[in-house]
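What follows is a single structure, written as structure tokens, with notes after it.
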Amino acid sequence: PPPPDVPPPPPPPDQKFTPPPVVVPPPIVRAPVPSPVIIQSVPTPPKAIQYVPVAAPPAPAAPPAPPTVSKAAGAKGDPSQWITNDDYPPDALRANEAGVSVIAWTINTAGKVEGCHTTQSSGSSSLDNAACRALSRRGRYSPATDSGGNPIAVTQSRRVVWKIPTDR
């Protein structure tokens, strides 16, 4: 262990020790503290928006009523022969696809079929497309006419039943 600390030697006797002067601290001055200023922000209400009514634009003129069909479009030939088993798509036969296609088309003012589309699918796009192709190729009509005898376009629809032919 280290040796104990030795106390310092006493001051020499020929020196006279004078203590430091006593200092009195200055008195405590209490300054009045002003109460804090509280600033409250009051929201300024937004300026009132003044709505000025604007006159609505005039309604567009109603479209003219569709012409009244005075005489319906007449099929030229037998419509039941326009789509036959000969129109059965080979890929649908190989896949054993069958069903009912519902198609719709427009008969134009010249009596020709246009815009054929499927309104209810047979479940086979091949059969649905074959129905429209055959009808568009073979369907011919005398155009429908209005009360003035003018040809007008009309729309027709049909169900096509696709059954796999037994004689294949």
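Recomputing P(r) over Cα pairs in 5 Å bins from 0, in percent from the coordinates shown identifies the correct label among (1) 1, 8, 16, 20, 21, 18, 11, 3, 0, 0; (2) 2, 8, 14, 16, 14, 10, 7, 6, 6, 5, 5, 4, 2, 1, 0; (3) 1, 6, 9, 8, 7, 6, 4, 4, 3, 3, 2, 2, 2, 2, 2, 2, 2, 2, 2, 2, 2, 2, 3, 3, 4, 4, 4, 3, 2, 1, 0 as (3).
Per q in 0.18, 0.27, 0.30 1/Å, what log10 I(q)/I(0) does a Debye calculation on the alpha-carbon atoms of the stretch 95-149 return? Per q value, in the given order, log10 I(q)/I(0) is -0.62, -1.00, -1.13.
Amide H to amide H, with H built 1.01 Å from N, residue 100 comes under 5 Å of 162, counting only residues 5 or more places away or on other chains. Just to confirm the number: angle between the C-alpha axis of helix 125-138 and the first principal axis of the chain, 0 to 90 degrees, nearest 10? Approximately 40 degrees, to the nearest ten. Per-residue ellipticity at 222 nm computed for the chain from its helices equals -3500 deg cm²/dmol, with DSSP H segments shorter than 4 residues left out and the rest contributing -39,500 (n - 2.57). When the Cα positions of 148, 120, 100 are compared along the charge dipole of the stretch 92-168, 100 comes out farthest toward the positive end, with charges on each C-beta of Lys, Arg, Asp and Glu.
None of the figures in this text is laboratory data; all of them are computed from the coordinates on show. Model, not experiment: these values are computed from the prediction. For neighbour counting, all protein chains shown are included, and Cβ atoms are generated from backbone atoms with ideal geometry for every residue, glycine included.
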